[in-house]
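Engineer: The structure that follows is given in the form of structure tokens.
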Amino acid sequence: MALDARIPSGPLDQKWDRCRSELKLVNPANKRKYTVICVGTGLAGASASASLAELGYNVLTFCLQDSPRRAHSIAAQGGINAAKNYANDGDSIFRLFYDTVKGGDYRSREGNVFRLAQLSVNIIDHCAAQGVPFARDYGGTLVTRSFGGAQVSRTFYARGQTGQQLLLGAYSAMMRQVHEGRVKLFPRREMLDIVLVDGRARGIIVRNLITGQLESYSADAVVLATGGYSNVFYLSTNAMSSNASAIWRAHKRGAYFANPCFTQIHPTCIPVSGHCQSKLTLMSESLRNDGRVWVPKDPADKREPSQIPEDKRCYYLEEKYPSFGNLVPRDVASRNAKEQCDAGRGVGGSGFAVYLDFRDAIARNGVENIEDNYGNLFQMYERITAEDPYNVPMRIYPAPHYTMGGLWVDYHLMSAVPGLFVLGEANFSDHGANRLGASALMQGLADGYFVIPYTVGGYFAGNEFGKVDTSLSAFKGAAAEAEEKTSRLLAINGKRTVADFHRELGMLMWDYCGMSRDEAGLRLALRKIPEIREEFWKNVTVAGAPGEFNQNLERAGRVADFLELAELMVRDALHRKESCGGHFRVESQTEEGEALRDDENYSYAAAWEYTGVDSEPVPHKETLQFENIKLAQRSYK
Amino acid sequence: MNFVLMVWRQRNAKSKGRFVPHLVTDISADTSFMEMLDVVNEGLILEGEEPIAFDNDCREGICGTCCMVINGRAHGSQHGTTVCQLHMRAFRENDVITIEPIRAKAFPVVKDLVVDRSAFDKVIAAGGYISVDTGSAPDANAVPIPKDDADLAMDAAACIGCGACVATCKNASPMLFLSAKLAHLSLLPQGKAEWRTRVLNMVREMDKLGFGACTNERECEIQCPKEVKVHNIGRMNRQFLLASLLERIR
């Protein structure tokens, strides 16, 4: 099948207007005849549920948490970008668009990214109107700060809890629709499958996590906003329940998975401290506004950081990238941290950490200013490490954080399965090979508030919909398959725990498909993953029974999916013999060790089609057209 | 380090629960409380026993999933800290640690330490929002908000909805949670239009769901992991009184 991204022709700044004005409309009175299923209640899912319901559609909203307010968007700290140019520093929609495409190392779609930059402005307006308590100046206007990959100040924030506040805004808007009766909420449900009728997405099968029973729901369209898959690495900044199961199972039903190897390793996380570690905690990128990253010049210098004089410190980011300094994009900052540690200059007990030092900022701006801007982050750091970052520099190290890859979607955010829309981190569309800081919140909300309400309407108005209910054989069959998989997991009764397999897979992925990748390592991983998967299905032990609240069973299902997805990630990384953004192939680098793209051969999105667990997936290529930006070697010097 | 855990085990909402001892040996002081429970559960699973069910998710103190009662205190005794940010260095060698679920009529036990807090969502649905449809907002700088008001609103909005206030209160009152949302919204000019219906609807919903009311003992403030202040409850009571009077007059 040829991929049609349905990007409108015409000038860049008119594409979205054109798309909107050409989409057919659903009469307001007819909207209530349509039902949309929305899976996931993070920024994208909650905002989509709210705005679709405001239009009059019936929305069925599902999440696996006990409350939709707990989706992992809540943990985003630093901020949200918008081309408001309130700072009068030369920002514009084009500049945000340009920075985002460049930051993504020219592996995203121009049309999508420009639309994102256009909508960024509306997001801030809407969120302020909802009562999101953004940081303000004494005159009462909004203030901004800078994030990586940009030379303007365009990041709006609510202390170090921007994701929380934006999510509570979207959650509240959705709860207003629950009150109105237009959104029906189903918490503690995990999606196990999507159901296709006549080739279109018409429903889902979920497991009720409290009762353990399977439930089927039908609708006219299905929206997945289920987040990313960083937990394939076992240790990541994602929440414990973050998983790939919804998108993976949709992939198995025909949705293409695009650029799965594009994963982001975030440079500023609290380093691993012991073998019981279950997850890693991010320290917001906003800290790089004021914190300076350094290591001792001499690897043998094991003095306390405060005892190391200025001339014995290496501020490697400032030295190597004078114009962006500590605010280089995440992929660049991460790779440089790894390079320093690999060269023996790492600090802390493990040697896998670098300093992020606020000494100079505190001397310049005062403790109060720093506390005002980053208070909760400093407190979080202190809780975890028992060290006071006001007096001792933070120790940080990169960790898996975000996945740019995801289900392939067209300009309308529809996947290769008609009627299946994918929003937010779960899709692949806007961040190319590397996401800039403060762009995830922007994308999730743009998709949910301002894109999907239009494109779903166009889909409904342009197609005929017969009545579908859950008594159809397609629903029964999908439910039976899900049931069978559960029974199989519980029947194995092996000798290793689910977490043990997850840890093994994660370490393998971190070593061979993490911050840097090479042919030999990827080939090794490609051999090992099916072995681990095979052992999993023979030797895992899952506690408890199916028909009850069973957290171990939930996790087993997710790890089983990671064991399949991991293989696709490795295949994708192996086939893309260039470096770009977060995908760093050791074989393809500049003399200075920066990622070296191969535009001639790899200027496309790779969308993989599923063909079976043990058979090779088929790649489809969507060539990326650059009409407004000249491709260049990314430079942050 | 070594500990004895006395953990509340309860199969489901209908069955009876009881405290069951679990031994924890050789745990590093830098292990987090959740990771310590992970280790216990790994052991239980390998022995063919039921692991302890406990809610947790972000493990960085922001999602509000993990509230449980440790030695009689919601989230344990470390000030301004969620369970997931609590580390074993906060305990002493050979401590006996009791762990139990939040106990409140409005939060029935699901299993072991897991409770159903959907009553909080119902309280929010009753009015915890500013009624603005997508697409109708003016420019974000069109409505200036004094920094002090914005900061106070943010202090209140920091609530993570974990239920520690309910767990701590002898009346199982959610008024710290409720008043934080009311303060956040009513301190902002955008939220002023609906303040009367909001406070009336949310408080009435709270009563309907079987929560208790506040009798000013302030334990909630001490146990709140996000340090939300009780002056919000004062503001809420004033608003509720005024709104009730205005409702009668009209």
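Engineer: Taking a ≥ b ≥ c as the square roots of the Cα gyration tensor eigenvalues, with a/c under 1.5 meaning rounded and otherwise prolate when a/b beats b/c, else oblate, which class fits the protein assembly as shown? Working shown, then result.
Structural biologist: Values: a/c = 1.12, a/b = 1.07, b/c = 1.05.
Rounded is the answer for the protein assembly as shown, as its axis ratio a/c remains below 1.5.
Engineer: Given the pairs B:16/B:122; A:495/B:14; B:14/B:122; A:15/A:637; A:24/A:621; A:102/B:147, which span a C-alpha to C-alpha distance of over 25 angstrom in this model?
Structural biologist: On the way: B:16/B:122 27 Å; A:495/B:14 32 Å; B:14/B:122 23 Å; A:15/A:637 33 Å; A:24/A:621 29 Å; A:102/B:147 35 Å.
Table pairs above 25 Å Cα-Cα are B:16/B:122; A:495/B:14; A:15/A:637; A:24/A:621; A:102/B:147.
Engineer: May I pose another question? Just to verify a number: FRET efficiency for residue A:469 and residue A:614, C-beta to C-beta distance, R0 = 25 Å, to 0.05? Please list the in-between numbers first.
Structural biologist: Details: r = 35 Å, r/R0 = 1.40.
It comes out at approximately 0.10.
Engineer: Of B:160, B:97, B:145, which has the largest mean-square fluctuation in a 10 Å C-alpha GNM of chain B?
Structural biologist: Evaluated over chain B, the most mobile residue of the options is B:145.
Engineer: Would you mind checking the tilt of helix A:43-55 against the longest principal axis of the Cα atoms of chain A, expressed as 0 to 90 degrees and rounded to 10?
Structural biologist: The answer is roughly 40 degrees.
Engineer: Can I ask one more? Tell me, what is the percent relative contact order of region A:266-401, built from C-alpha pairs under 8 Å that lie six or more residues apart?
Structural biologist: Working: 196 pairs, mean separation 47.1, N = 136.
Taking the mean separation of contacting Cα pairs over the length of region A:266-401, I get 35 percent.
Engineer: Would you work out if region A:229-353 is rounded, prolate or oblate? Take a ≥ b ≥ c from the square roots of the eigenvalues of the alpha-carbon gyration tensor; rounded if a/c is under 1.5, else prolate when a/b is larger than b/c, oblate otherwise.
Structural biologist: On the way: a/c = 2.87, a/b = 1.94, b/c = 1.48.
The shape class here is prolate.
Engineer: Report, as an integer, the average count of C-beta atoms from other chains found within 10 Å of each Cβ along B:91-102.
Structural biologist: Partner Cβ neighbours, averaged per residue: 0.
Engineer: Given an 8 Å cut-off on Cα distances and at least 6 residues of separation, report the relative contact order of region A:503-605 as a percent.
Structural biologist: Working: 96 pairs, mean separation 29.6, N = 103.
That works out to 29 percent.
Engineer: In degrees from 0 to 90, rounded to the nearest 10, what is the angle of the helix A:367-385 Cα long axis to the longest principal axis of chain A?
Structural biologist: Once rounded, the angle reads 70 degrees.
Engineer: Using only the alpha-carbon atoms, how far is helix A:473-491 inclined from the longest principal axis of chain A? Give it as 0 to 90 degrees, nearest 10.
Structural biologist: 50 degrees
Engineer: Over the whole of A:373-380, what's the average partner chain Cβ count within 10 Å per residue? Rounded to a whole number, please. Can you show the working numbers first?
Structural biologist: Details: counts 0, 0, 0, 5, 0, 0, 5, 5.
Partner Cβ neighbours, averaged per residue: 2.
Engineer: A follow-up question, please. Would you please state which residues of region A:54-78 a label at residue B:136 would reach in this model, taking the label point 7 Å out along Cα→Cβ and a backbone N cut-off of under 14 Å?
Structural biologist: A:54-56
Engineer: List A:516, A:230, A:415 from most exposed to least, where exposure is judged by having the fewest other Cβ atoms within 10 Å.
Structural biologist: Numbers: A:516 20, A:230 24, A:415 31.
Going from least to most buried by this count: A:516, A:230, A:415.
Engineer: Simple spin-label model, 7 Å along Cα-to-Cβ: residue A:87 to residue A:303 in nm?
Structural biologist: So the label points at residue A:87 and residue A:303 sit 3.5 nm apart.
Engineer: Next question. I need to check one value: relative contact order of region A:201-354, counting alpha carbon pairs closer than 8 Å and at least 6 residues apart, in percent. Mind dumping the intermediate values first?
Structural biologist: Details: 177 pairs, mean separation 25.6, N = 154.
That works out to 17 percent.
Engineer: Highest mean first, how do A:2-14, A:43-55 rank when packing is the count of other Cβ atoms within 10 Å averaged over residues?
Structural biologist: Numbers: A:2-14: 13.6, A:43-55: 30.8.
The most tightly packed comes first, giving A:43-55, A:2-14.
Engineer: Shifting gears a bit: Could you point to the residue in A:411, A:369, A:358 farthest towards the positive end of region A:317-425's charge dipole, with +1 and -1 charges on the Cβ of Lys/Arg and Asp/Glu respectively?
Structural biologist: Most positive-ward Cα: A:411.
Engineer: Right, another one. Rounded to the nearest 0.05, what FRET efficiency do residue B:105 and residue B:249 have when you use their Cβ-Cβ distance and R0 = 45 Å?
Structural biologist: On the way: r = 34 Å, r/R0 = 0.76.
Here the calculated transfer efficiency is 0.85.
Engineer: For residue A:577 paired with residue B:95, estimate the spin-label separation in nm (one decimal), with each label point 7 Å from Cα along the Cα-to-Cβ line.
Structural biologist: With each label placed 7 Å out from Cα toward Cβ, I get 5.8 nm.
Engineer: Show me A:450-457, A:105-112, A:133-140 ranked by packing, highest mean number of other Cβ atoms within 10 Å first.
Structural biologist: Numbers: A:450-457: 23.2, A:105-112: 25.1, A:133-140: 18.0.
Ranking, from highest mean packing down: A:105-112, A:450-457, A:133-140.
Engineer: List A:141, B:215 from most exposed to least, where exposure is judged by having the fewest other Cβ atoms within 10 Å. Mind showing how you got there, number by number?
Structural biologist: Values: A:141 16, B:215 11.
Least crowded to most crowded, the residues run B:215, A:141.
Engineer: Further question: Where does the charge balance sit around residue A:226 when Lys and Arg score +1, Asp and Glu -1, over other residues with C-beta under 11 Å from its C-beta?
Structural biologist: Details: positive: A:249; negative: A:190, A:425.
Net of charged neighbours comes to -1.
Engineer: Quick check on the exposure proxy: order B:173, B:15 from fewest to most C-beta atoms within 10 angstrom. Present the calculation step by step, with values, prior to reporting the outcome.
Structural biologist: Working: B:173 23, B:15 11.
By the 10 Å Cβ count, ascending: B:15, B:173.
Engineer: Next question. Residue by residue through B:41-52, how many Cβ atoms from other chains fall within 10 Å of the Cβ on average?
Structural biologist: Values: counts 5, 5, 1, 3, 10, 6, 1, 3, 2, 6, 6, 1.
Per residue, the average neighbour count from other chains is 4.
Where a number appears in this text, it was derived from the coordinates with a stated rule and is not lab data. Everything numeric here is computed off the predicted structure, so don't read it as measured data. Don't worry about glycine lacking a Cβ; one is built from the backbone with ideal geometry, like all the others, and counts go over all protein chains shown.
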